[in-house]
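The next block holds one structure in the form of structure tokens; read it before the comments.
The values are calculated or read from the model by the stated rules, or taken from the named source; none is laboratory data. The model shown is predicted, which means the values in this text are computed figures rather than measured ones. Backbone-built Cβ (ideal geometry, glycine too); neighbour counts: all protein chains shown. Remember, those area values only see protein heavy atoms, side chains included, never the ligands or the DNA or RNA. Shrake-Rupley method; radii C 1.70, N 1.55, O 1.52, S 1.80 Å.
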Amino acid sequence: MRVVKDAEERRNEILDVAERLFCAKGFDHTSTNDILKEIGIARGTLYYHFKSKEDILDGMIERLTNQMVKKASVIALDESIPVLERLTRTMLSLSIDNELGDMIMEQVHRPQNALMHQKLEAMLLGPVNKLITKIAEDGIRQGIMQTDYPAEAVEMIMTYSYSAFDSMVSYQKEERDKKIKGFVYHAERIFGMEPGSLMDAMIPIFEK
């Protein structure tokens, strides 16, 4: 008997199976035929939702970033958590330290996938900047930060961080430590904070 599922359910089923196969076999060694066989659907059904294997990966990235932002929002908007602790926990919640995350990051860092990398940054930067701006505004109200332009300060810092620390693993320890200290030093000044006040909040993020 043919099982009919609604579009969203079918789309998520395809993504679930693709994630499992991509992680087990690797993106390059998984074909759309493998996905079709695993789910038991016609090729036309797959192409209704995704035009190619790369399109499936795009869908996986979009779903993952939405989940990450939703998780981070719970922390960022919880005013019962101290401002700097909230900053640390929000950023840590955005890490993708698992097999799926490793597979996605391997793909988006390939030179031929530069557009995919840009999409990932765009999907994260907008929502995350809003969350961090909310934390910064709370920090301003509490006298921890001093700036008339919290949103712009966050945009500058986050844009730089995505660019400068995207390939952190390639740095030697001395260079890595210097970049981190320099980043925190300038972030404190952009936010008008006391020297050294942001270090304890930022170090756990970089260690992760």
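Remarks
- Residue under evaluation residue 108, criteria (1) at pLDDT 75 or above; (2) open to solvent by less than 20 Å² (accessible area, probe 1.4 Å), criterion not met: (1)
- Filter result (open to solvent by 20 Å² or more (accessible area, probe 1.4 Å) and within 28 Å of residue 141 (Cβ to Cβ)) within the range 158-174: 159, 160, 161, 162
- Some residue of the range 29-52 being under 19 Å from residue 116 (Cα atoms), touching a residue at least 60 places away in the same chain (Cβ under 8 Å) and surrounded by fewer than 18 Cβ atoms within 10 Å (Cβ to Cβ): no
- Subset of the range 183-205 (residues that are loosely packed, with under 14 Cβ neighbours inside 10 Å and charged (D, E, K, R)): 189, 194, 200
- Candidates 177, 138: the one that is assigned to a helix (DSSP H, G or I), in contact with an Asp or Glu (Cβ under 8 Å, 6 or more places away or on another chain) and open to solvent by less than 50 Å² (accessible area, probe 1.4 Å) is 138.
- Within the range 1-24, the set of residues being open to solvent by less than 90 Å² (accessible area, probe 1.4 Å) and within 18 Å of residue 104 (Cβ to Cβ) comprises 11, 12, 14, 15, 16, 17, 18, 19, 21, 22, 23, 24.
- Lone qualifier among 116, 123 - being open to solvent by less than 30 Å² (accessible area, probe 1.4 Å), over 16 Å from residue 87 (Cα atoms), under 16 Å from the mean Cα position of the chain (by Cα) and touching a residue at least 40 places away in the same chain (Cβ under 8 Å): 116
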